[in-house]
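The values are calculated or read from the model by the stated rules, or taken from the named source; none is laboratory data. In this text the structure is predicted, and so the values were computed from the model without any measurement. Methodologically, a virtual Cβ is constructed for each residue, glycine included, from the backbone with ideal geometry; neighbour enumeration extends over all protein chains shown.
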Amino acid sequence: MKFRINREILIREEEGKLIAFNPDRGEPFILEGTAADIWRLLDEPRDLDELLGKLLESYEEDNKARGDVKKFLDSLVGEGLLDVL
């Protein structure tokens, strides 16, 4: 399963944070730090393993990383910010 940014999402960068806005929900979703890095890596559809590989190039390996990233991706899907292909 691959994840991709929902094409309806409006995004802007402000003071080092990404602000994602889903017009269907009407509320902003603020991404910073690792969350913003994950979002930027989703500039093209990626599965969890691809995303983790890219992420771990920049960060120290963490045994919890897979579970943490999966939970985060699931929350973005739940907010309508990502599509699952």
key: Criterion: surrounded by 16 or more Cβ atoms within 10 Å (Cβ to Cβ), modelled with pLDDT under 95 and of a type in the set (S, T, N, Q) - qualifying residue of 63, 22   = 22
query = Is it true that some residue in region 27-44 is surrounded by 16 or more Cβ atoms within 10 Å (Cβ to Cβ), touching a helix residue (DSSP H, G or I) at 6+ places or on another chain (Cβ under 7 Å), more than 23 Å from residue 15 (Cβ to Cβ) and of a type outside the set (Val, Ile, Thr)?
reply = no
query = So is residue 81 touching a residue at least 40 places away in the same chain (Cβ under 8 Å) and either charged (D, E, K, R) or farther than 26 Å from residue 14 by Cα (or both) or not?
reply = no
request  = Give the residue, chosen from 83, 37, that is in a strand (DSSP E or B) and touching a Phe, Trp or Tyr at 6+ places or on another chain (Cβ under 9 Å).
outcome  = 83
task = Report the residue count in region 51-75 for those that are farther than 10 Å from residue 3 by Cα, touching a residue at least 12 places away in the same chain (Cβ under 8 Å) and in a helix (DSSP H, G or I).
result = 9
note = Scanning region 47-60 residue by residue, those modelled with pLDDT under 85 and either charged (D, E, K, R) or surrounded by 15 or more Cβ atoms within 10 Å (Cβ to Cβ) (or both) turn out to be 57, 60
